[in-house]
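Okay, structure first, notes after.
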Amino acid sequence: MIKVLIVDDSAIVRKVMSEELSKYNDIEIIGTAVDPYAARDKIVKLKPDVITLDLEMPRMDGLTFLAKLMKHYPLPVVVLSSLTPKNSETALRALDLGAIDVLCKPGEAYSTKNVSQNLARSIRMAASSKIDVNQIKIKIPVNHANLKGLLSKTTHKVIAIGASTGGTKAIEAVIRGMPAAAPGTVIVQHMPENFTKSFAERLNELCQIEVREAKDNDHVVPGV
């Protein structure tokens with residue numbers, strides 16, 4: 001049984017998500033918290049396996065709490081956030097700090113049933129993680145001199161990368177190691193659609209290749 005603590009200032013979200021997640025035989029909602037201070041006390045007392053975390057809460061925002069949590073009491077965290085341009089940047093920062101996944105709260109674009117199903121899946125994946133999610137460091141040795149000669153003759157090849165929950169750090173590590181002359185690259189990442197644009201923009205600032213969110217009829221070309 002996976003013990004889950006829900007941290008959200010919305011009473012409706014706490015109630016609805018508790019009811020929906022309780023329908024799964026392998027998930028137990030051991031408590032809810034209205035803000036990070038209440039969450040801190042319940043984490044120590046209840047010892048959850050996974051927590052779900054809102055990003056905008058009173059007294060302390062979700063990012064500040066996440067950073068403190070990963071430093072002093074690291075736990076698998078799944079972020080449950082509203083879909084706004086501002087929150088998309090904040091959600092990506094949450095992934096940097098160690099959150100396992102970012103999901104959207106129920107609303108016009110996402111039904112309660114759909115969100116609860118995705119959240120249950122992410123909770124299971126988070127619970128199976130035995131590593132300190134804030135200490136993920138992926139080192140990929142890259143010999144740029146050899147790659148440039150090799151990739152100059154691979155213009156008809158395509159690199160395909162797929163990642164699911166928790167894959168953003170791995171994708172960043174791989175893409176940052178690719179030279180500007182790399183073959184056309186396609187990435188599929190499990191992430192809410194409104195967050196993918198911000199993720200692509202951030203990668204574009206860090207990498208030698210051009211990174212952008214895919215659109216219909218885009219061409220796969222070298223260096224992109």
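Set the bar at 29 Å for Cα to Cα. Now go through Lys23/Lys71; Lys15/Lys47; Lys113/Lys197; Lys42/Lys197; Lys3/Lys197; Lys45/Lys197 and name every pair that lies beyond it.
Values: Lys23/Lys71 32 Å; Lys15/Lys47 20 Å; Lys113/Lys197 25 Å; Lys42/Lys197 35 Å; Lys3/Lys197 33 Å; Lys45/Lys197 39 Å.
Table pairs above 29 Å Cα-Cα are Lys23/Lys71; Lys42/Lys197; Lys3/Lys197; Lys45/Lys197.
List Lys169, Lys71 from most exposed to least, where exposure is judged by having the fewest other Cβ atoms within 10 Å. If you can, show how the numbers build up before the last one.
Working: Lys169 16, Lys71 11.
The most exposed by this proxy come first: Lys71, Lys169.
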Amide hydrogen neighbours beyond the local backbone of Ile27, cut-off 5 Å, H modeled | Ile2
Neighbour-count ranking [beta-carbon atoms within 10 angstrom, fewest first] of Leu103, Leu63 | Leu63, Leu103
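Where a number appears in this text, it was derived from the coordinates with a stated rule and is not lab data. The shown structure was predicted, so the numbers you read here are calculated from the model rather than taken from an experiment. Cβ: placed from backbone, ideal geometry, glycine included. Neighbour counts: every protein chain shown.
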